Amino acid sequence: MIYDCAIIGGGPAGLNAALVLGRARRTVALFDDHRPRNAVTHASHGFITRDGIHPSEFRRIAYEEVLGYPTVYHWQAEAIDIRRTGHGFVVRMASGEAVEARRIILAAGLKETFPQIEGLSDYYGKSLFACPFCDGWELRDRPLVVISEFPALMHKVKLLLNWSADLVVCTNGSSVLSIEQRQQLADRHIRVVDSRVVSLTGSNGMLERVHFADGTSLARSGGFIDPTLTSKAVFHQPLGYHLTEHGGIVIDEMGRSTAEGVYAAGDSAYLMPSQLIYAAASGSKAAMAVFADYIEESWQLSGH
């Protein structure tokens, strides 16, 4: 069987794409390794009718809806290779099994790589987060730490002032801040610590202190950290699509990549903002683009 579309990734982008295509009477092969990036969080926010839902419950409901359509087929497997064929593409899994599809939607999301800080995993997703829009409300008015080695640090600080005026910025030993930026922070009574963060301590997932390489420590009850983000599934070499300077997949406004028959949705394409509702919307658009291209192709063929 050759499926109309193979979707790589079972997050909100991939699942919404599968829903739209399944309802459009297209056969879908959905690949999901079941290792979602938001698995560490206790609640997801910002998605209307689903605000505060646990990520596993979100996925359960989504799969129940999507797999209710007989045109959608699901593999709990990682797609490790995709190649072009005379009919479209062949997707190979780690097990060696292969599936053929006429079109591809890449929606595998991102991988997070964090700085080496002892205890970080105990607090990430509980009192230490990455996205202010996702978790700023829960940490409002608390004394917060902002740990980042990236140029977007200043932008994040500006956002976080909306939720808390008690911020301490930690550059983790990097030189990411300019003299002018440091002065702007000082003018707003925001302390900057340049010593490297070596450990975090607290209890039951609730951050209490940040410890630095110079032997000092700081009391904080929550915060935000910027991980390094990279695409989870990278197939640009065999498929020939272009990447942005930040590693995202170059797409048009509907999710079409620069490679014929290849589409992208969710964090794989735009990296940020990383929100469920944004990813789901992009999955819907990519699915509509796939369907529209099928219809145009069929229309042209029917005229001959």
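The values are calculated or read from the model by the stated rules, or taken from the named source; none is laboratory data. Values in this document were obtained by computation on a predicted structure and should not be read as measured data. Positions of Cβ are backbone-derived with ideal geometry, glycine not excepted, and every protein chain shown enters the neighbour counts. Please note that ligands, DNA and RNA were not included when accessible areas were found on the heavy atoms of the full protein model with its side chains. Shrake-Rupley method; radii C 1.70, N 1.55, O 1.52, S 1.80 Å.
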Query raised in the report: Any chance region 48-65 includes a residue that's acidic (Asp, Glu) and either part of a strand (DSSP E or B) or touching a Gly at 6+ places or on another chain (Cβ under 7 Å) (or both)?
Result: no
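Under the condition of being of a type in the set (Gly, Ala, Ser), open to solvent by 40 Å² or more (accessible area, probe 1.4 Å) and not in a loop (DSSP other than H, G, I, E, B), which residue from region 169-218 is nearest to Gly119 (Cα to Cα)?
First, pick out the residues of region 169-218 that are of a type in the set (Gly, Ala, Ser): 173-175, 178, 186, 195, 199, 202-203, 205, 213, 215, 217.
Now drop any that are not open to solvent by 40 Å² or more (accessible area, probe 1.4 Å), which leaves 173, 175, 178, 186, 203, 213, 215, 217.
With the extra rule that they be not in a loop (DSSP other than H, G, I, E, B), the set shrinks to 186, 203, 217.
Details: Ala186: 29, Ser203: 11, Ser217: 14 Å.
Looking at the filtered set, the residue picked out is Ser203.
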Taking first residues from region 270-282 that are open to solvent by less than 20 Å² (accessible area, probe 1.4 Å) and assigned to a helix (DSSP H, G or I) and second residues anywhere that are among the polar types (S, T, N, Q) and modelled with pLDDT of 75 or more, the pairs with Cβ under 8 Å that are 6 or more apart or on different chains are Ala279/Asn16; Ala280/Asn16
Whether any residue in region 293-304 is under 22 Å from Val20 (Cβ atoms), in contact (Cβ under 8 Å) with a residue 24 or more places away in the chain, hydrophobic (A, V, I, L, M, F, W, C) and surrounded by fewer than 18 Cβ atoms within 10 Å (Cβ to Cβ) is what I want to check.
no
Note on region 121-157: residues assigned to a helix (DSSP H, G or I), open to solvent by less than 40 Å² (accessible area, probe 1.4 Å) and not aliphatic (A, V, I, L, M) are Tyr123, Pro132, Cys134, Asp135, Lys156
By residue number, the members of region 227-269 that are touching a helix residue (DSSP H, G or I) at 6+ places or on another chain (Cβ under 6 Å), buried (at least 18 other Cβ atoms within 10 Å of the Cβ), at pLDDT 90 or above and not basic (Lys, Arg) are Ile249, Ile251, Gly255, Ala259, Val262, Tyr263, Ala265, Gly266
Val234 fails exactly one of (1) without any contact (Cβ under 8 Å) to a residue 24 or more places away in the chain; (2) part of a helix (DSSP H, G or I); (3) of a type outside the set (S, T, N, Q), namely (2)
Just a yes or no: is a residue in region 66-87 assigned to a helix (DSSP H, G or I) and either of a type in the set (Val, Ile, Thr) or open to solvent by 30 Å² or more (accessible area, probe 1.4 Å) (or both)?
yes
If we keep only residues of region 132-172 that are among the aromatic types (Phe, Trp, Tyr) and touching a residue at least 60 places away in the same chain (Cβ under 8 Å), then the residue farthest from Gly222 (Cα to Cα) is Phe150
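If the requirement is being small (Gly, Ala, Ser), touching a residue at least 12 places away in the same chain (Cβ under 8 Å), within 17 Å of Ser282 (Cβ to Cβ) and open to solvent by 40 Å² or more (accessible area, probe 1.4 Å), which of these qualifies: Gly14, Gly46, Gly10? I'd like the intermediate steps shown before the answer.
Values: Gly14 fails: open to solvent by 40 Å² or more (accessible area, probe 1.4 Å); Gly10 fails: open to solvent by 40 Å² or more (accessible area, probe 1.4 Å).
When all the criteria are applied, what remains is Gly46.
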In the set Gly240, Gly261, Gly283, the lone residue that is within 24 Å of Val90 (Cα to Cα) and under 16 Å from the mean Cα position of the chain (by Cα) is Gly283
